[in-house]
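Down below is the structure, laid out as structure tokens.
Taken together, the values in this text are just the output of simple stated rules run on the coordinates, not laboratory data. On a predicted model such as this, the values are computed, not experimentally measured, just so you know. With ideal geometry, Cβ positions are generated from the backbone for all residues, glycine too; neighbour counts draw on all protein chains shown.
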Amino acid sequence: HTNRRRNLDADRSFFTEEKLGQAEKTELDAHLENLLARADCTKNWTEKIYRQTEILLQPNPSARIEEFFYEKLDKKIPSRITNGELLGQYMQDAANDFGAATPYGSTLMKVGEYQRKLGETEREFMQTSAISFLTPLRNFLEGDWRTISRERRLLENRRLDLDVCKARLKKAKVAEAKASAEHELRVAQTEFDRQAEVTRLLLEGISSTHVNHLRCLHEFVEAQATYYAQCHRLMQELQRELARFPNTFTVTPSISAGPSGVAQSAMPAAPHSKAMEADGLKIEEVQAPAAGTRKAKVLYDYDAADATELSLMADELITVYTVPGMDPDWLIGERGNQKGKVPVTYLELLS
């Protein structure tokens, strides 16, 4: 057997002749060729999906490289704060400096709290997706595919050995040489057939790989749906919280000289205010605009907190107006027969 292998190795140049079409090449059966093509397609797309999912979950290339080395060294990857958590921390630190009791400070504190919650939700999503989706894809690429590749290379060597034996048999002239060549051909054919069967069984396992990856894909979608639903819920909570905050947009207007030299406020006057001058200037009530009502476009979804409020859906058009003594942060909104208070910050008033 050793001598035969030595002779076969000496004839490896036969491979070059096959490539140039100068020697006979044993062809694989159609079924095996189809399995090979399907396996290559699976490997290529799995690799691309894996790499892009990595980028989706961790956009920072430096962080990805660091995690790669931790995995190769079989060490636990250190917990890393997300961008949302970091932003939330900055906002809350700023709120403490500005004064948590001020309108801007209190709002920063609240928004920072929810940014941190969003960051924690993102980190949970990344961890879940890495376990349920990325790990199975990587296991295929680093495990099953390497085994398949090794057996394919071995099959190619067996095929080349077989073709060398066929060529040697054709060249044999004397009976003794023919007998030896025929024996080597039978052995080479047996080894080739055995390796083809091993390779075929491995390649047929690609169907099981597809089933496993399909299950992992469903788990990935579930993780995404949960993540985005949690984000949406948190943002709705934050919008409701901010809508109940005191008016944070009221600032002391600066005074500047108008065209006539008379000092004027840089802020526009409140529309259509009714004043009484018995005890100086005193606004008693704010009337609706001259047109009476206005149309407004809803910017975000809003869930009514009680029966006095009107729930809103993003992008719908409603009619709005104010009433005497009403909080300037709110308007009365009407949609058909429905009516209730709506927060001004959720609306875009249309002319």
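Could you compute the FRET efficiency for Asp306 and Asp97, with r as their C-beta to C-beta distance and R0 at 30 Å, rounded to 0.05?
0.25
Can you tell me the alpha carbon radius of gyration of the stretch 105-201 divided by the globular rule-of-thumb value 2.2 N^0.38 Å?
2.38
Go through Lys117/Lys339; Lys48/Lys117; Lys295/Lys339; Lys25/Lys171; Lys117/Lys341; Lys25/Lys178 and tell me which ones have a Cα-Cα distance over 23 Å in this structure.
From Lys117/Lys339; Lys48/Lys117; Lys295/Lys339; Lys25/Lys171; Lys117/Lys341; Lys25/Lys178, over 23 Å: Lys117/Lys339; Lys48/Lys117; Lys117/Lys341.
Find, to one decimal place in angstroms, the Kirkwood hydrodynamic radius of the stretch 290-351, where the mean of 1/r is taken over every pair of different Cα atoms and then inverted.
11.5
Taking K and R as +1 and D and E as -1, what net charge do the other residues with C-beta under 9 Å from the C-beta of Ala196 add up to?
Around Ala196, the surrounding residues sum to +1.
Tell me, what HN-Hα J-couplings in whole Hz come from the Karplus equation 6.51 cos²θ - 1.76 cosθ + 1.60 at θ = phi - 60° for each residue of the stretch 124-139, using x for Gly and Pro?
Rounded to whole hertz, the list is 4, 5, 4, 5, 4, 5, 4, 6, 7, 10, 5, 4, x, 5, 5, 4.
As an exercise, use a Förster radius of 41 Å and the Cβ-Cβ distance of Lys48 and Glu334 to find the FRET efficiency, rounded to the nearest 0.05.
That gives a FRET efficiency of 0.20.
When the Cα atoms of the stretch 171-247 are enclosed in a convex hull and the volume is divided per residue, what value in Å³ results?
Details: hull volume 7.8 nm³, N = 77.
Per residue, the Cα convex hull of the stretch 171-247 comes to 101 Å³.
Between Ala225 and Leu86, how high is the FRET efficiency from 1/(1 + (r/R0)^6) when r is the Cβ-Cβ distance and R₀ = 25 Å? Nearest 0.05.
0.45
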